[in-house]
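A.B. asks: Below are the structure tokens for one structure; questions will follow.
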Amino acid sequence: MKLNITCIPGDGIGPEIVNEAKKVLDKIALVYGHEMIYKDILMGGASIDVHGVPLTDEAIADAKAADAVLMGSIGGDTTTSPWYQLPPNLRPEAGLLKIRKALNLFANLRPAILYSELADACPLRKDISDAGFDMLIMRELTGGLYFGERKTIEENGVLKAIDTLTYDENEIRRIAIKGFDIAMKRKKKVTSVDKANVLDSSRLWRKVVEEVAKDYPEVTLEHMLVDNCAMQLVKDPAQFDVILTENMFGDILSDEASMVTGSIGMLASASLNDTKFGLYEPSHGSAPDIAGKDIANPIATILSAAMMLRYTFDLDKEADAIENAVKSILKKGYRTGDIMSEGCTKVGCKQMGDLLCEEIQ
Ligand code: IPM
Ligand code: MG
């Protein structure tokens, strides 16, 4: 099979981790008889430095022309990088929001898994972490506060900022369907998270989710208020299977969930539209402080590449091979600095990529 992949190395550790993911994909191609065709595009600070904008129309066209996009990370140090002296719509993050909207990537899948080999890194009490957890946050990605009208005005000499949170029922329905579909392939439980005790958008969310649930009689649906969900994630994370939620709540809860795993350097993500197309990226950021030192953990990006093989290309066997390679390498005790613990062997970014390639035979 020919796989047309547009890559966004991006900023900070992005280029290093994308390199390792390409290495692993090349090994998959060799072993399973595929052909990987890559095209790199610029986004974020890397694009600002060359084009003055975080994402050009040509780059969007290149992304659209591919079967899938594999991304590293974008952005820099917000206090020291000159990128953050620019107006907000020209900063690195604006490129990410623009590509999400341009490619209609409304469904953001963020798995948060406690790897048994890394259980020591989990910051929760042992009796809680012993239960283990494997949840998936399904975050709406192209609506809500992120894309509502916003402005800052002056009223009678007083500055006033306005952000608007809008959802229509179609936007809610399509993400809810994705959430229930994926729950059918997992433990068949959806926790829909909202703030229906205060927000109209949440009340509509709840109504539409309930309508969609009728088509999935095997799936158990529960509703949870977002503030309670934030507590439950640290109190009893094992209760969750699929968390279905709107853009802003999903942004916050997915950071919390990933922290609770203790190994954010391991977590992949996928952003999908209603075709097989997807943008795949690690859940972590660009870590500018460790960029270029060959110490970043490439596993989240490599697992994102596995998600790409699974969701865009339906190559389940190949995706399994990558995920099994990761488990096996952890079992053998190899760790990058972020997940290092006593008695393990510390390796750099490149070496981790090489070790994973060796596991794929
Ligand atoms: C994320 C990030 C982005 C978001 C930022 C970089 C705009 O935090 O992907 O979670 O808020 O969506
Ligand atoms: Mg975030």
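A.B. asks: Counting residues that are under 23 Å from the mean Cα position of the chain (by Cα) and either within 16 Å of ligand 2 (Cβ to nearest atom) or among the β-branched types (Val, Ile, Thr) (or both), which strands (runs of 3 or more DSSP E) fully inside the stretch 186-255 reach at least 2?
C.D. replies: Answer list for the stretch 186-255: 189-194, 242-245.
Table: residues versus (1) open to solvent by 70 Å² or more (accessible area, probe 1.4 Å); (2) within 14 Å of Pro288 (Cβ to Cβ).
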residue: Asp67; (1), (2): no, no
residue: Thr79; (1), (2): yes, yes
residue: Trp83; (1), (2): no, yes
residue: Lys98; (1), (2): yes, no
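A.B. asks: Can you tell which of Leu145, Leu118, Leu124 is under 23 Å from the mean Cα position of the chain (by Cα) and not in a helix (DSSP H, G or I)?
C.D. replies: The match here is Leu124.
A.B. asks: Which residue, of Arg203, Arg173, Arg150, is in contact with an Asp or Glu (Cβ under 7 Å, 6 or more places away or on another chain) and open to solvent by 10 Å² or more (accessible area, probe 1.4 Å)?
C.D. replies: Arg150
A.B. asks: Please verify whether Tyr311 is under 23 Å from Cys122 (Cβ atoms), touching a Leu at 6+ places or on another chain (Cβ under 8 Å) and either free of Cβ contacts under 8 Å to residues at least 40 places away in the same chain or more than 16 Å from ligand 1 (Cβ to nearest atom) (or both), treating the condition exactly as stated.
C.D. replies: The answer is no for Tyr311.
A.B. asks: Mind checking which pairs have a first residue in the stretch 171-182 that is in the same structural domain as Leu221 (by TED's automatic domain parsing) and a second that is of a type in the set (Ser, Thr, Tyr) and surrounded by 21 or more Cβ atoms within 10 Å (Cβ to Cβ), Cβ under 8 Å, 6 or more apart or different chains?
C.D. replies: These pairs meet every condition: Glu171/Thr142; Ala176/Ser192; Gly179/Ser192.
A.B. asks: Output the residue which, of all residues in the stretch 250-263 that are of a type outside the set (Gly, Ala, Ser) and touching a residue at least 60 places away in the same chain (Cβ under 8 Å), is nearest to ligand 1 (Cβ to nearest atom).
C.D. replies: Selected residue: Asp251.
A.B. asks: Right, here's the next one. Got at least one residue in the stretch 232-244 being within 16 Å of ligand 1 (Cβ to nearest atom) and closer than 30 Å to Asn4 by Cβ?
C.D. replies: Scanning the stretch 232-244, I find no residue that is within 16 Å of ligand 1 (Cβ to nearest atom) and closer than 30 Å to Asn4 by Cβ, so the answer is no.
A.B. asks: Take the stretch 122-149 and flag every residue that is closer than 25 Å to Lys185 by Cβ and of a type in the set (Phe, Trp, Tyr).
C.D. replies: The one that is closer than 25 Å to Lys185 by Cβ and of a type in the set (Phe, Trp, Tyr): Phe133.
A.B. asks: Being at pLDDT below 95 and within 19 Å of Tyr311 (Cα to Cα) is the filter here, so list the residues in the stretch 112-133 that pass it.
C.D. replies: Ile113 - this is the single residue of the stretch 112-133 that is at pLDDT below 95 and within 19 Å of Tyr311 (Cα to Cα).
A.B. asks: Restricting to the stretch 269-295, and then to whatever is open to solvent by 10 Å² or more (accessible area, probe 1.4 Å) and within 11 Å of the chain's Cα centre (by Cα), can you tell me which residue is farthest from ligand 1 (Cβ to nearest atom)?
C.D. replies: Leu272
The values are calculated or read from the model by the stated rules, or taken from the named source; none is laboratory data. Treat the numbers as computed from the prediction; the structure is a model and nothing was measured. Neighbour counts run over all protein chains shown; Cβ positions are idealised from the backbone, glycine included. These area figures cover heavy atoms from the full protein model, side chains too; ligands, DNA and RNA do not enter into them. Shrake-Rupley method; radii C 1.70, N 1.55, O 1.52, S 1.80 Å.
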